[in-house]
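The values are calculated or read from the model by the stated rules, or taken from the named source; none is laboratory data. Here the structure is a predicted model, which means the values were calculated and not measured. Note: ideal-geometry Cβ built from the backbone for every residue, glycine included; neighbour counts use all protein chains shown.
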Amino acid sequence: MATWKIIQIEILNSEEDQNPAGWVLNIHYDCTQDGGRVYGSLSMPAHEEGGVFTDLAAMSVEDRIAKALDWLAEQLGEDEVARIEASVAAMAEAILNPRTSSLKLVHDAAA
């Protein structure tokens, strides 16, 4: 089962255009499973594109992470989430059950 983590949330430090200070610009995330990893970042929609302001500063860290995970799932969509999780699962499978291996070709005289 894949694990999703929020690595960083980028916000505006001051009001810009129609976006208030604290507006979420980008969410950086990891999706991992048994050594497989996909890192990504997602640009959030601006106010004029239908984005909604949420005051993350007033939320606990746990609530910020939960909210960012909700936004991530919503913005990526079910198909992209499934594609990322399948990619991570394939990486994990290749790590756990490698298709190839290396043979030592040089004789170690000290042995």
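A single entry from 38, 81, 88 fulfils the requirement of being modelled with pLDDT of 95 or more and in contact with a Gly (Cβ under 6 Å, 6 or more places away or on another chain): 88. Under the condition of being surrounded by fewer than 15 Cβ atoms within 10 Å (Cβ to Cβ), part of a loop (DSSP other than H, G, I, E, B) and either without any contact (Cβ under 8 Å) to a residue 24 or more places away in the chain or touching a helix residue (DSSP H, G or I) at 6+ places or on another chain (Cβ under 8 Å) (or both), the residues counted in the range 52-76 number 4. Taking the range 80-100 as the range and being among the acidic types (Asp, Glu) and either closer than 24 Å to residue 25 by Cβ or outside any helix (DSSP H, G or I) (or both) as the test, only 80 passes.
Apart from one condition, residue 3 fits all of (1) modelled with pLDDT under 95; (2) β-branched (Val, Ile, Thr); (3) out of contact with any Lys or Arg (no Cβ under 8 Å at 6 or more places or on another chain); the exception is (1).
Do we have residue 80 as farther than 23 Å from residue 16 by Cα, surrounded by 10 or more Cβ atoms within 10 Å (Cβ to Cβ) and not β-branched (Val, Ile, Thr) here? For residue 80, the condition - farther than 23 Å from residue 16 by Cα, surrounded by 10 or more Cβ atoms within 10 Å (Cβ to Cβ) and not β-branched (Val, Ile, Thr) - is met. Among residues belonging to the range 1-50 that are touching a residue at least 40 places away in the same chain (Cβ under 8 Å), part of a loop (DSSP other than H, G, I, E, B) and of a type in the set (Gly, Ala, Ser), point out the one that is farthest from residue 82 (Cα to Cα). Filtering the range 1-50 for residues that are touching a residue at least 40 places away in the same chain (Cβ under 8 Å), part of a loop (DSSP other than H, G, I, E, B) and of a type in the set (Gly, Ala, Ser), the one farthest from residue 82 (Cα to Cα) comes out as 35.
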